[in-house]
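Notes for the one structure printed next.
Laboratory data are not the source of any read-out in this text; all were calculated from the coordinates shown. Computed from a predicted structure; not experimentally measured. When we count neighbours, we look across all protein chains shown, and the Cβ atoms used for this are built from the backbone with ideal geometry, even at glycine.
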Amino acid sequence: MPPLLQLASVTKSFGAVRALRGVSFDLQAGEVHALLGENGAGKSTLIKIITGAHSPDGGTITIAGKRVPQLSPTIARKLGVACIYQQPALFPDLSVAENIALRLESVALFHLIDWPERRTRAAELLNRIGAHFSPDMEVRHLSMPEQQLVEIACTLGAGARIVIMDEPTASLTQTEQVLLSAVVRDLCQSGVGVIYISHRLDEIFGLADRVTVLRDGESVSTGPVKELNESALIKLMVGREVTQTYPPSEAECGEVVISCRNLGCSAGGIHDVSLDVHAGEVVGLAGLVGAGRTELAKTLFGITPCDSGTLFLDGKQIEIRSSQEAIANGIALVPEDRRRHGVILEMSVAANITMAIHRRLFPGTWLRFNAERAEALEFIRDLDIRTSGPDAPVASLSGGNQQKVSVARWLATNPRLLILDEPTQGVDVGAKNEIHRLIRRLAKKGMAVLMISSDLPEVLGMSDRIAVMRGGTIVAILWGQSTAHDVMAAALGLEVGAQ
Amino acid sequence: MKAYSREVSVALTLGGLLLGLAIFAPSFYQAQPLLSLAAREAPTLVAACGMALVILCRQIDISIGAQFSVCSVCAGLLAGAHWPIPLVLSASITIGASLGALNGSLVAGLGLPSIVVTLATMVTWREGLRWLRQGIWVDLPEGFQWFGLRQSAGQWTIIILALTVLVLLALFMKHLAAGRFIYAVGSDAEAARLAGIRPRRITFAVFVFAGALVGLAAMMNVAQSPQVDPNSGTGLELKTIAAVVVGGVAISGGRGNLWGVFAGLLLLACLGPALTHLHVQAYWEKAIQGSVILLAVVADGGHRRNQGSP
């Protein structure tokens, strides 16, 4: 019997970024095949290729023994591929039965709706997966795991043979997880193949038959779960040679600049965060996606103000309830996703750089374009921003240079604490190196730097200390000499050094 | 130059229209009718400046026509009660600003979508006014029309007032931090917030300011006739939005300037009389105006596709 799905040396690039460098993968009927890898290893790209959302640049896809040259979302669905995402994509105001029907029924505009039929089918599907709620319930009244069951019912109803589950248990409690595992096993019994993505290693050991580890867009290993242990898995995930060198730390660690004690913010889902950042120190903030790193940054910067705990700046207790107060206290945040929020693309380089310092630069009401240009030119020279001039719109710059503009805006405020959220995401290697050297230079000048990064080598290479977050709080603070293994283990919630 | 391509193309179209008129219908260029036309459109220009700020801020205000009517009637009643002209003027501006403040607090304070909020206030003001006044025209006292000046002097006063508002606002938008903040909020409110700007405050202020400009515009219109028409603001929102869009301001906010709005308004204002002088039948006028607006929106879409922004 041929495998349900087979990928052979699939590659995919986005611009200059090579997301997949050659992934081979196969899925047998009736198995749970776990897919594992750190942030940015290529898991989501791989899923999107299997569901037809992206078309690969190279390699072959074979489904049920037949080679598929052109896979689109529609074709993938017809061939029995279904994906259940971490956040269920249901219509909250429609009933369960309607939601299921929308996925399964003909899309013809004048197709008559057979309401009793819809209901019966939904009830039957829910029954098959052991869900105990009425098909007439509106989806918004369902809990997260119940919504996930609806998603699974949809895939069952559609007769899916290849089911992808992307971190289905990330937001579930222990008991809900057990229920879900049972449903997954039932699915497999009926001959369905499940691709299971999770960061919870215990879950993978409990549920999966085989596991494939992705690293830097390559499938580095596939094998039965029984032959592996946690430590071996982590080694496979992070075990790469360091291909990039980082500028050495030369800063002298000074006084504590910012210090949080049991900081919490219910809106951001973080709690009991205690952390000191010293002048001249680069603290790396590591953790998996969703661990609360960006939320912590937003709380420190006053966007989602803290509602518990205390914050000290230079030993004095402060309160930060808005970004204006944060700026006034010398805290700066270079946000992630610069194309959306870091810079304003239509505006000039100069206007972007001076955005946060209007009050200082223009004490009168009128803008002084010469002063602004001078300020901007200084940063353009200092940070080596490649632009045709201070008046060029930021949209005309390359990604790395846009990021430098975003950093420049906050350097202009002369901050005591600089928070960088994914400062090198999506910039090329050269610009990355420049940004790293810039961070070092700033630390040397006595700035306290808190750097969020999902790039593990970057965290290891740049940080004097590493704070690891998990589940909305800091679970470990490691010194710079620690290994990728230690960081990954802490982020995954294992005992450090459990070799 | 490239940054102003939209404004330049509107200005060129306007130039082409005026040139065509000079060749084929020189009768268009007569001092008195042109002066009347300019004075008639001057209040629209002032209101359009306010609308431009609102749209640059990625909002919309469709209640300005109703605001205009309310301000006009109030100004007429106060003038009838023998208030001096400067007091009537400031009262009209204050009323406009308060109506704008209500829109602003609902949009910025409660985060409601501006199209729904201003639709509701539009209907409320319009129907409230109709119920209170039963559609009665307000007679103005002697010496109020043209601010007590001769007609041509009054017309010039109104035109110069409108142009002053335009020039000052255009300078403010470029040279004041506040102007830049409006562009920033309109481009990306979240990015602006992360840069330490307060988008809600800016949005509120823009609605108040637009309301105040409507109050001023209403006064400039009231002073042109012996009576106040309680429906004088009907359709003003469409005229001003059309001028703003034709003038190259992106309906999605953050891009465009007031010079473009000026050119757009001139183009739309000249189109009607021009067609008459070119002996095009009157019922084509609206259709042609509509086509111009459609063309502007299509050009805007093309511009955005070229920029590659979503």
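Below, the figures for the structure above:
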| read-out | value |
| --- | --- |
| Separation between Cα centres of the stretch A:24-48 and the stretch B:1-50, rounded to whole Å | 63 |
| Built amide H within the under 5 Å cut-off of residue A:59, gap 5+ | A:11 |
| Residue with peak Gaussian network fluctuation, chain B [Cα springs, cutoff 10 Å], from B:138, B:228, B:280 | B:280 |
| Relative contact order for chain A, counting Cα pairs under 8 Å that sit 6 or more residues apart, in percent | 15 |
| Segment residue B:190-residue B:291, length gained on full extension (0.36 nm per residue, minus Cα span) | 32.9 nm |
| Value of relative contact order over chain B, rounded to a whole percent, pairs C-alpha under 8 Å and six or more apart | 34 |
| Fluctuation leader among B:114, B:69, B:252 - chain B, Gaussian network, Cα springs under 10 angstrom | B:252 |
| Amide H contacts under 5 Å for residue A:211, placed H, 5+ residues apart | A:34, A:223, A:225 |
| Extended-chain gain in nm, criterion 0.36 nm per residue less alpha-carbon gap, residue A:274 and residue A:143 | 44.0 nm |
| Cα centroid of the stretch A:63-80 to Cα centroid of the stretch B:216-282, whole Å | 56 |
| Qualifying GluC sites (Glu not before Pro) in the stretch A:282-327, DSSP loop, other Cβ atoms within 10 Å at most 12 | A:319 |
| Backbone HN-Hα couplings from phi across the stretch A:83-93 [Karplus 6.51/-1.76/1.60, Hz, Gly and Pro as x] | 10, 10, 8, 4, 9, x, 9, 10, 8, x, 8 |
| Low-density loop positions, trypsin sites (Lys or Arg not before Pro), the stretch A:401-473 - DSSP coil, at most 15 other Cβ in 10 Å | A:445 |
| Kyte-Doolittle mean at least 1.0 and Cα axial length at least 24 Å: DSSP H helices in chain B | B:5-24, B:31-56, B:85-104, B:151-175, B:199-222, B:258-277 |
| Candidates B:238, B:19, B:265: whichever shows maximal mean-square fluctuation once chain B is modelled as a Gaussian network with Cα springs under 10 Å | B:19 |
| Inter-site label distance for residue A:475 and residue B:174 at 7 Å from Cα along Cβ, in nm | 5.7 |
| The stretch B:262-294: chymotrypsin sites (Phe, Trp or Tyr not before Pro) in DSSP loop, at most 14 other beta carbons within 10 Å | B:283 |
| Normalised contact order of the stretch A:347-499, rounded percent, pairs of Cα under 8 Å and 6 or more residues apart | 17 |
| Gain upon complete extension [residue B:227, residue B:142; 0.36 nm per residue less C-alpha separation] | 29.5 nm |
| Estimated FRET transfer efficiency (residue B:90, residue B:24; beta-carbon r; R0 35 Å; 0.05) | 0.15 |
| Rounded Å value of the spacing that divides the Cα centres of the stretch A:137-215 and the stretch A:286-304 | 28 |
| Simple spin-label estimate for residue B:98 and residue A:220 in nanometres, 7 Å along Cα-Cβ | 7.1 |
